[in-house]
Each structure stands twice: as C-alpha cells, then as structure tokens.
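The structure appears below as structure tokens.
The values are calculated or read from the model by the stated rules, or taken from the named source; none is laboratory data. What you are looking at is a predicted structure, and each value in this text was computed from that prediction instead of being measured. Don't worry about glycine lacking a Cβ; one is built from the backbone with ideal geometry, like all the others, and counts go over all protein chains shown.
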C-alpha cells in the first residue's frame, strides 16, 4: 500500500503538513516460492491481451450549426481545485444558469480525450443556448441540435429517475463506440471505452469545480431507452455513462 501526496508550486502545504518524508514502517509478507497455476485466469488474460493496431480508424467527424465561443478561464490553482472537487448530491435547479463560455470550457477539457466516446448534451439552462438535446462534434468544437425543447423530465427519467439530472444546468450521455474500439484493440476494446468515459468524467469534475460549479457522475440509466430517445443505433454505439453539471445544493457534511 502506498500513500501518494500531490506536491508542487500550485499545491501549497497546509499548516499541519510537513515537507519531510514520513515512513510508517511495516514489513511486507514474503511471497511463496511455490508456483500455483490458475488455468482459467490465464485463459482470461490471453483472451484480453492487448492487440496493437497501428491503423486505428479515425473518430467519426461531423459539424453542427452552433460554434462554441472561447472557453471561460479560471484563476484557481490546480491544488485548490483538486482538494475541493466533490460529487454533488443534487443541484439547485430553478432559474440559475451557466454561461456558454463555461460550457465551452467544460467541453474543451474533455475534447483531447474523445476518441471512442461521443457526447450528447441535455441542455437545461445555458445562457444563449435553447433547451434541447445537442451532439458535440469535437473536431471543430461545434454543437448540433438533435431534439428541441425542455429535457429536464426526460433526462431525469432516463437516468433511473434521478432528479439531479434534470436539476442540473446540463446533463450528458456518453455513447461509447464499442465496435470501433474492438476493431482497434481486440477483445480489450470495451475497456478502452470505459477508461475514456471515466477520464472524461474526471475532467468534467475538475473543470466544473474550477468554474465554481458542481458535478456528479451518474452510473445508473436505462440503456435501451437512452438509445431510443437519442436515436442511437447499435452500430453507432451504446451508452456507458451519464453526467450532470450545475450549481450544487449545500452539503453540511462537507467542510472546507
């Protein structure tokens, strides 16, 4: 077991912390000299072995009618953001909205990672953007309107009836292209899709916190209903993760 400490110019030590290395002691158990074969585990390892394919298909490209503005900037240090980043229990809802540059900053944080994941946005309250479902095209940072109208009840229902998806300013469906990932990486391809979706979620968390917002990942949703609502066909992918960003309700259990 290792305890890792983040250090750097943007992560100042707290008053109670020291820059000295601390050794907690202890001796690791000795490993047995006897080799015990586990055929089934070895078979799983062989079946999921990495296949390096230099000819990875490029991600689908497209365009939308809405060009995103330059992303909003934050002056907060990484250390402050990383220490305060939390999962919101719910969002305040109401009329409080995000700005379009804030949304642009959130999407820009994820854009370099998008290879096997497509982002669909359920826009509730974004200044300068009508409510509706949008698809994000990362190549040119553009949004394509897929479905117009209020999406709060719909996305809450799709997210296993969780109100926070409708109370947020914006929610996301991450659609993973499992077939293309499998063609690129063999039977391990599905793992790369989930790795990517998880990494996108973590960038969403940090970007939201840096902008004074809150975020939460949503791992429960009705798969087939999401596909039907977004008109996503099996060859386009399947939903692997939901996410929501907005103004979090105060949580008295958390202290700064």
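Annotations for the structure displayed:
- Test: residue 51 is in contact with a helix residue (DSSP H, G or I) (Cβ under 8 Å, 6 or more places away or on another chain), closer than 30 Å to residue 134 by Cβ, modelled with pLDDT under 75 and part of a loop (DSSP other than H, G, I, E, B): no
- Candidates 171, 154, 215, filtered to the one that is crowded, with 18+ Cβ neighbours inside 10 Å and either without any contact (Cβ under 8 Å) to a residue 60 or more places away in the chain or assigned to a helix (DSSP H, G or I) (or both): 154
- All of 243, 204, 195 fail the test of being surrounded by fewer than 17 Cβ atoms within 10 Å (Cβ to Cβ) and either assigned to a helix (DSSP H, G or I) or within 13 Å of the chain's Cα centre (by Cα) (or both), apart from 195.
- In this structure, residue 186 does not qualify as touching a residue at least 60 places away in the same chain (Cβ under 8 Å), over 14 Å from residue 242 (Cα atoms) and surrounded by 22 or more Cβ atoms within 10 Å (Cβ to Cβ).
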